[in-house]
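**Student:** Encoded as structure tokens, here's the structure I'll be asking about.
The values are calculated or read from the model by the stated rules, or taken from the named source; none is laboratory data. Here the structure is a predicted model, which is why all the values come from computation and not from measurement. Counting neighbours? That spans all protein chains shown, and the Cβs are built from the backbone with ideal geometry, glycine included.
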Amino acid sequence: MKFRFNLKLMMGGLLLAGLAACGGGGGDSGSADSGTLRLALTDAPTCGYDAVNVTIQKIRVHQSSSASDTDNGWSEVVLNPARRVNLLTLTNGVLNELGQTPLPTGKYTQLRLVLADNDAIHPMANSVMPSGGVEMALKTPSGQQSGVKANINIDITANKMADFVLDFDVCKSVVTAGNSGQYLLKPVITVIPRYVSGVSGFVDATLVNGTTSVSLQQGGMVIKATAPGINGQFLLQPVAPGSYTLVLTAPGRTTAVVSGVVVATDTVTPINVFGTALNPPASAVGTVNGIAPIETLVRVLQPLTMGTTVEITGRFVDSTTGFYSYPMVVNAPLVAPYVAAPGLLVFSADTAAAGNYTLSASLSGFPDKATMLNTLTSGGTITTNLTFP
């Protein structure tokens with residue numbers, strides 16, 4: 001199962017020891033009417049940041065999706081003292097163990113995450129460092145003392161462990177605030193079981209620059225993404241067994257797509273080996289920009305001739321001005337059908353897709369809005385202002 005939600009708080013952590021269930025319904029891990037919840041954290045690629053630090057105080061879960069902060073029945077994982085972690089150390093397959101706690105059996109439908117405040121003693125408890133810049137405070141939503149509600153669907157069964165990973169997407173979650181120099185946190189987190197299965201491969205060393213993204217997608221939605229490591233190797237894990245489209249994007253480089261990547265149970269599927277690293281050619285770029293209501297998530301999708309649509313990029317609009325702007329390549333994307341390594345991937349240009357993009361805009365409380373753009377040309381700009389409904 002997979003749960004995707006936008007949170008107003010998020011979580012991070014180091015290896016936690018001595019975690020215990022508190023509040024209503026802690027339970028003994030050996031009790032016949034209890035099971036165990038284990039959590040870990042990982043991160044997707046970043047967008048121009050050298051560090052994103054958060055300080056987490058507690059994680060709360062409840063069996064009722066409508067339970068209030070003061071109701072009985074909460075179980076808590078409390079970090080004492082609170083822990084601070086740089087989320088950007090959790091890319092490329094790295095999992096950070098958050099710990100485990102016994103829980104009464106049943107279905108858990110609400111999770112709350114609580115971060116420490118930036119205060120006079122710890123002004124950088126939550127912070128961001130833009131690439132090449134200085135560390136700045138990362139503002140978190142007001143009212144976070146009780147944590148912010150997220151709906152989940154996790155079954156705890158007797159004497160069993162429910163093992164889940166929280167996949168945090170920094171790129172979509174750190175939002176600028178006009179010309180104020182401030183950064184806001186609007187986390188996007190995916191909660192998935194801790195699968196062993198995944199996909200590995202290599203990109204050329206010239207693409208190891210902190211802005212390259214390798215993702216597995218289904219139906220134009222990113223399921224798992226990462227940045228390649230220092231030697232160009234990438235690992236997309238955990239991923240549920242199934243069929244995926246692999247997408248490689250990098251600034252000023254032609255998009256590369258591998259279709260029909262099959263992930264088998266308990267298996268890491270290799271895309272290629274070191275000697276056949278993915279290295280798409282340079283491409284001229286144009287710009288896609290506009291204004292949308294505050295809190296809108298604007299994604300840029302590219303429809304391919306084979307009938308698949310892939311996400312190229314996406315973020316929340318500026319939290320003050322509503323402005324968004326993306327540099328987009330104009331070359332035809334290169335597409336190859338998956339062949340098992342050590343077989344070679346054979347790419348061909350999808351010429352009909354060159355410079356053709358679609359905007360997908362999401363705003364809470366409204367249906368998603370899709371807008372087909374005119375063909376983008378080298379140095380050109382397409383401006384699209386979005387309104388809801």
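**Student:** Which of the residues spanning segment 364-386 are touching a residue at least 40 places away in the same chain (Cβ under 8 Å) and within 18 Å of SER325 (Cβ to Cβ)?
**Tutor:** LEU373, LEU376, THR377, SER378, GLY379, GLY380, THR381, ILE382, THR383, THR384, ASN385, LEU386
**Student:** Here are the criteria: (1) under 29 Å from LYS139 (Cα atoms); (2) touching a Pro at 6+ places or on another chain (Cβ under 8 Å); (3) of a type in the set (Gly, Ala, Ser). Tell me which single one ALA256 does not satisfy.
**Tutor:** Condition (1) is where ALA256 drops out.
**Student:** Looking only at residues that are over 19 Å from VAL273 (Cα atoms) and among the small types (Gly, Ala, Ser) in segment 232-249, which one is surrounded by the fewest Cβ atoms within 10 Å (Cβ to Cβ)?
**Tutor:** Here the residue is SER243.
**Student:** Further, regarding this structure: Only residues that are within 20 Å of PRO251 (Cα to Cα) and in a strand (DSSP E or B): list them for segment 296-314, please. If you could, list the steps in order and put the result at the bottom.
**Tutor:** Within segment 296-314, the subset within 20 Å of PRO251 (Cα to Cα) is 298-304, 309-314.
VAL298, ARG299, VAL300, LEU301, GLN302, PRO303, THR309, VAL310, GLU311, ILE312, THR313, GLY314 - these are the residues of segment 296-314 that are within 20 Å of PRO251 (Cα to Cα) and in a strand (DSSP E or B).
**Student:** How about segment 336-384: which of its residues are within 26 Å of the chain's Cα centre (by Cα) and over 18 Å from GLN302 (Cβ atoms)?
**Tutor:** Across segment 336-384, the qualifying residues are TYR338, LEU363, SER364, GLY365, PHE366, PRO367.
**Student:** Taking the stated definitions as given, is GLU97 in contact with a Leu (Cβ under 6 Å, 6 or more places away or on another chain), among the charged types (D, E, K, R) and either farther than 30 Å from SER215 by Cα or not in a loop (DSSP other than H, G, I, E, B) (or both)?
**Tutor:** On the way: in contact with a Leu (Cβ under 6 Å, 6 or more places away or on another chain): yes; among the charged types (D, E, K, R): yes; either farther than 30 Å from SER215 by Cα or not in a loop (DSSP other than H, G, I, E, B) (or both): yes.
Considered against the rule, which asks whether it is in contact with a Leu (Cβ under 6 Å, 6 or more places away or on another chain), among the charged types (D, E, K, R) and either farther than 30 Å from SER215 by Cα or not in a loop (DSSP other than H, G, I, E, B) (or both), GLU97 comes out as yes.
**Student:** Just one of MET372, MET306 is modelled with pLDDT under 95, of a type outside the set (S, T, N, Q) and in the same structural domain as PHE202 (by TED's automatic domain parsing); which is it?
**Tutor:** Numbers: MET372 fails: modelled with pLDDT under 95.
Only one candidate qualifies: MET306.
**Student:** Within segment 265-277, identify whether any single residue is closer than 23 Å to GLY48 by Cβ, touching a residue at least 60 places away in the same chain (Cβ under 8 Å) and part of a loop (DSSP other than H, G, I, E, B), and answer yes or no. Give the steps one after another, and end with the answer.
**Tutor:** Step one: of segment 265-277, the residues closer than 23 Å to GLY48 by Cβ are none.
Taking every residue of segment 265-277 in turn, none turns out to be closer than 23 Å to GLY48 by Cβ, touching a residue at least 60 places away in the same chain (Cβ under 8 Å) and part of a loop (DSSP other than H, G, I, E, B).
**Student:** Working carefully through the options THR226, THR255, find the one that is surrounded by 19 or more Cβ atoms within 10 Å (Cβ to Cβ), among the polar types (S, T, N, Q) and modelled with pLDDT under 95. Write out each step before concluding.
**Tutor:** Numbers: THR255 fails: modelled with pLDDT under 95.
After applying the criteria, what remains is THR226.
**Student:** Just one of PRO293, PRO327 is in contact (Cβ under 8 Å) with a residue 24 or more places away in the chain, over 22 Å from ASN272 (Cβ atoms) and not in a loop (DSSP other than H, G, I, E, B); which is it? Spell out how you get there, then give the answer.
**Tutor:** Working: PRO293 fails: not in a loop (DSSP other than H, G, I, E, B).
Unique residue meeting the criteria: PRO327.
**Student:** Just to verify a result, which residue in segment 273-299, among those that are closer than 17 Å to PHE316 by Cα and among the aliphatic types (A, V, I, L, M), is surrounded by the fewest Cβ atoms within 10 Å (Cβ to Cβ)?
**Tutor:** ILE294
**Student:** Having 1 or more residues that are under 21 Å from PRO130 (Cα atoms) is the bar; report the strands (runs of 3 or more DSSP E) wholly within segment 152-233 that clear it. Let's see the steps before the verdict.
**Tutor:** Details: elements: 161-168, 174-177, 182-185, 188-193, 198-202, 213-218, 221-226.
Strands (runs of 3 or more DSSP E) meeting the threshold: 161-168, 174-177, 182-185, 188-193, 213-218, 221-226.
**Student:** Would segment 124-145 turn up any residue that is part of a strand (DSSP E or B), closer than 28 Å to THR70 by Cα, of a type outside the set (Asp, Glu) and in contact with a Leu (Cβ under 6 Å, 6 or more places away or on another chain)? Reasoning before the result, please.
**Tutor:** First, pick out the residues of segment 124-145 that are part of a strand (DSSP E or B): 127-130, 136-139.
Cutting the leftovers down to closer than 28 Å to THR70 by Cα gives us 138-139.
Filter once more, so that each one left must be of a type outside the set (Asp, Glu): 138-139.
Among the residues that remain, those that are also in contact with a Leu (Cβ under 6 Å, 6 or more places away or on another chain) are: 138-139.
Within segment 124-145, one or more residues are part of a strand (DSSP E or B), closer than 28 Å to THR70 by Cα, of a type outside the set (Asp, Glu) and in contact with a Leu (Cβ under 6 Å, 6 or more places away or on another chain).
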